Amino acid sequence: MGNKPLFQTTRRQLLTAGGGALLIAASPLKALAAEADLLRARADLFGDRPIREGRVTVTLPPIAENGHSVPLTVSVDSPMTEDDYVKQIAILSPRNPLPLIAQFHLTPLSGKAEVSSRIRMSGTQAIQAVAEMNDGSLWSGSMETVVTLAACVVL
C-alpha cells in the first residue's frame, strides 16, 4: 500500500478556496448602528419625550485624521443652580457599532455643564448630544466631522 495522502486537493480547488477566502475578508461587515438602533437607544434613555434643538453645543475638530481618538467637548447653556441644572448628557452616534457612546450624570455641584472626552468614530458622521434638564426637558446639539481613518471597524 503506498503513502497516499488522506485528502487530495487539486490546484483548482485550492485557488477557488483561496479566492473565496479573499472575497470574504474584503467584504465589509456590519460595523454601524442601524437607524433603528439609534432610535431605540434614544427611546431607552428618554422615552417618547420631545427633544428640542438648542442649548447644547458639540465641539469636534472639522477633520479627524484618526478615528481612534477624536477630541469631543459638549457644553450646555445652564446656570447649574438647584432650580435649573443638567441631570445628564448622552452622546449618540449614528455610525458606531453601539449608538450610545457615553452618558454623563451631573448635579448642581458639578458647577459647569460641560464634559470633554475622546471618542472613537467609525467614519464621517454627525455626533449628537442630548441634555436632560432637571425639569425633564430635553435639548440637543450636533456637529459633523470628517474622519479620514475610521475606527470601530469589525474585521
Legend entry - Pair ARG12, GLU53: separation of 7 Å Cα→Cβ label points (nm): 6.2 nm
Inset, instruction - Calculate, in whole percent, how much of the Cα-Cα pair population of the range 50-147 lies beyond 15 Å. - result: 57 percent
Inset, instruction - Go ahead and run the numbers for FRET between GLU82 and VAL146, Cβ-Cβ distance against an R0 of 41 Å, rounding to 0.05. - result: 0.50
Inset, instruction - Quickly rank 139-151, 120-132 as a protection proxy: mean count of other C-beta atoms within 10 Å, highest first. - result: 120-132, 139-151
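Coordinate-derived values only; no laboratory data. None of the values given here were measured: they were computed from a predicted structure. Using ideal geometry, Cβ is built from the backbone for each residue, glycine included, and neighbour counts are taken over all protein chains shown.
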